[in-house]
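The values are calculated or read from the model by the stated rules, or taken from the named source; none is laboratory data. All values derive from a computational prediction rather than experimental measurement. All Cβ positions, even for glycine, are placed from backbone atoms using ideal geometry, and neighbour counts span all protein chains on display. Side chains included, ligands, DNA and RNA excluded: accessible areas come from the protein's heavy atoms. Shrake-Rupley method; radii C 1.70, N 1.55, O 1.52, S 1.80 Å.
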Amino acid sequence: MTDQGADKSEVNGSSTKPNSADTHRIEIQHIQLHDVVSYEGKPRVYTYNEALELVGTGRFHTLLLFVCGFCLMSVINETLNMGYIISAAECDLGLSFSDKGMLNGAAFCGVVVSSHLWGFLSDTWGRRRVLLLATSCGLLFSVASSFSVNFWMFTVTRFCVGFFISGNAATSYAYLAEFHTDKSRAKVISWAAMFMAVGTIYLPLMAWLIIPLGADWNLYIEPLGIQYNLWRPYLMLCSLGSVIIIVGMLYLPESGKFLLTTTGEEEKVIQILAKIYRWNCGQPEHTFPVKSIALDAIDSAFASEMQRKSSLGLRYVWEQTVPLFQRPLVGNTARAAFLMFGLFIASSGLMMWMPDILNMYVNYKQSKITICQVVEIIHHNRTTPSTAAGATAAVCSVNIDSTIFVISTAMGVLFLLCYILNGAIINLVGKKLLLNIWYVASGVCGIIALWTSDFYLTLLVIVVFLAVGCCGSVLSAISVDLFPTNYRAMALCLILMTGRLGAMIGSNLVGFLLTYNCDLIFSLLGSLLIVCALIGTTLPGK
């Protein structure tokens, strides 16, 4: 394009040309105008992804990553923390093995019941609103659970914690992803997922620092008639991440993509992106070059689907769910759901019991007997009466060995390393082969645990057995490829819900079998993982 000064000179017949400095200034002005103004003189319309490119990454995205990471970590903290306190709470609440199983599974039950609801609310009501509501209510019920006066109050409040904290699991990935471009999205989601592994380190570490101090702690709350032992404030420390989430969310806006998709609030979205631009680039908001914004073709189609979802309400959930159980998708749904169920029932179902089981086993580590033989001895001692006073003393005397928290912390570190290992080799080995290798190795180790009598060897095989839980993300990645785009979100939601149902059933099953036949825990769960490996070979792809 020829500049106006040159045109005017030619018309006047003049051969005068602007000097080099003037030419440089005119070229810069031209570039800036081209960025902001279209050829028709109107503001250029940027797509949402193009606007995100201009925003860049910086302080805002660091805060966003930590808040969403703590959201995922809060799900782990609130569903697995029971395993670290049920031994300490046994005397206070008079817990049997079956009671412990119900408590371990109560939060998972809440997650299962509410998963669909939170997914629907997240897509229709807003990401930020759901995260604030879910986190705040989960925190309130978690604090209330620490003042439980009996088993039933404890179970109900923990169920409510799971019901609300499920909103974090359903929403945080979408919220994080919608502030990132295609270039950085997969990477930051992987980083956020690592916070879940950090949760498996945080829980036993806090338990190690707090619960063994109970011998020197004596606080009685007269109005409630309870001894406020240290397992109660431990529950509140497990919810510390929720406080961080709430404070962080006060500085974070609603997802711009959600607003464009559902309400079309263009001006509000530009204001949000301009603030992020100021955070990341240190430039005034009015210098943000985007003055008009719109969705690209793919996102526009998604927006139409979201509007239909909002208008249909819960009918939309039904429409999206039914085809998953009809041909040609029903086979993929059944296989993926069964594999996730087996993964959770084996890993999370037993993981919640490991501190309690280790607390029994650690006192017999020099005896060269299997872990199930120890469980039988402990159960016999607790259920065999001598005198009335002696029986009471036997039931209400539970010593907590701090070694179990050190071991559990080390296990959390190993699980984190397994997440890192999976990420490093998944493209080299292939998703399906990697998943099946874990299923076989974990299943075999579960069965070997029946016969190992050395304490440290038993720990090793149990760690490998539980490490199959680190493959949840691998199975999720495989599951995404099994379904058409318009059914993927609902399919993944259903598959993960089936997995959490497995965790709840696994917890109660382990509690039942600890009372009646400990050997069946490892033989059944180990065999189930090997069956999962066989089914996994039938999945399409590599």
Problem - Matching residues, the range 320-352, being over 20 Å from the mean Cα position of the chain (by Cα) and not in a helix (DSSP H, G or I) - result: Q326, R327, P328, L329
Practice task
Identify, from the list Y316, Y251, the residue that is among the hydroxyl-bearing types (S, T, Y) and either outside any helix (DSSP H, G or I) or open to solvent by 20 Å² or more (accessible area, probe 1.4 Å) (or both).
Solution key: Y251
Completion exercise
Scanning the range 462-478 residue by residue, those of a type outside the set (A, V, I, L, M) and open to solvent by 10 Å² or more (accessible area, probe 1.4 Å) turn out to be G469, G472, S473, S476
Practice task
Please list, ordered by first then second residue, the pairs with beta carbon atoms under 7 Å, 6 or more apart or interchain, first in the range 442-465 and closer than 14 Å to V375 by Cβ, second of a type in the set (D, E).
Solution key: L450/D519
Completion exercise
Filter the range 445-477 for residues that are in a helix (DSSP H, G or I) and among the aromatic types (F, W, Y); the one that is nearest to F338 (Cα to Cα) is F465
Problem - Matching residues in the range 478-499 - criterion: being in a helix (DSSP H, G or I), at pLDDT 80 or above and more than 15 Å from N436 (Cβ to Cβ) - result: A491, L492, C493, L494, I495, L496, M497, T498, G499
Fill in the blank from the handout: Of the residues in the range 94-107 that are in a helix (DSSP H, G or I) and either among the small types (G, A, S) or open to solvent by less than 10 Å² (accessible area, probe 1.4 Å) (or both), the one that is farthest from I378 (Cα to Cα) is A107
Problem - Top-ranked residue in the range 455-477 [being hydroxyl-bearing (S, T, Y) and farther than 21 Å from I404 by Cα; ranked as modelled with the lowest pLDDT] - result: S473
Exercise for the section: Check the range 125-132 and report whether any residue there is out of contact with any Leu (no Cβ under 7 Å at 6 or more places or on another chain), open to solvent by 40 Å² or more (accessible area, probe 1.4 Å) and modelled with pLDDT under 90. Expected result: yes
Problem - Total residues in the range 439-461, condition touching a Leu at 6+ places or on another chain (Cβ under 8 Å) and open to solvent by 30 Å² or more (accessible area, probe 1.4 Å) - result: 1
Practice task
For the range 157-187, name all the residues that are in contact (Cβ under 8 Å) with a residue 24 or more places away in the chain, assigned to a helix (DSSP H, G or I) and open to solvent by 10 Å² or more (accessible area, probe 1.4 Å).
Solution key: F159, C160, F163, F164, A169, A170, Y173, A174, D182, S184
Exercise for the section: Kindly indicate the residue of the range 196-218 that is of a type in the set (G, A, S) and open to solvent by less than 60 Å² (accessible area, probe 1.4 Å) and also farthest from the chain's Cα centre (by Cα) among those meeting that condition. Expected result: G214
Handout entry: Selected residue (only one of I244, I221 is open to solvent by less than 50 Å² (accessible area, probe 1.4 Å) and touching a residue at least 60 places away in the same chain (Cβ under 8 Å))
Key = I221
Completion exercise
R488: passes all of (1) within 30 Å of P328 (Cα to Cα); (2) in contact (Cβ under 8 Å) with a residue 12 or more places away in the chain; (3) not acidic (D, E) but (2)
Fill in the blank from the handout: Checked S115, S122 against criteria (part of a helix (DSSP H, G or I), farther than 26 Å from M351 by Cα and under 18 Å from the mean Cα position of the chain (by Cα)); the one match is S122
Fill in the blank from the handout: Looking across the range 145-156 at residues that are open to solvent by 10 Å² or more (accessible area, probe 1.4 Å) and over 23 Å from the mean Cα position of the chain (by Cα), the single one that is nearest to I245 (Cα to Cα) is F147
Completion exercise
Within the range 366-378, of all residues that are in contact with an Asp or Glu (Cβ under 9 Å, 6 or more places away or on another chain) and surrounded by 16 or more Cβ atoms within 10 Å (Cβ to Cβ), the one nearest to L514 (Cα to Cα) is C372
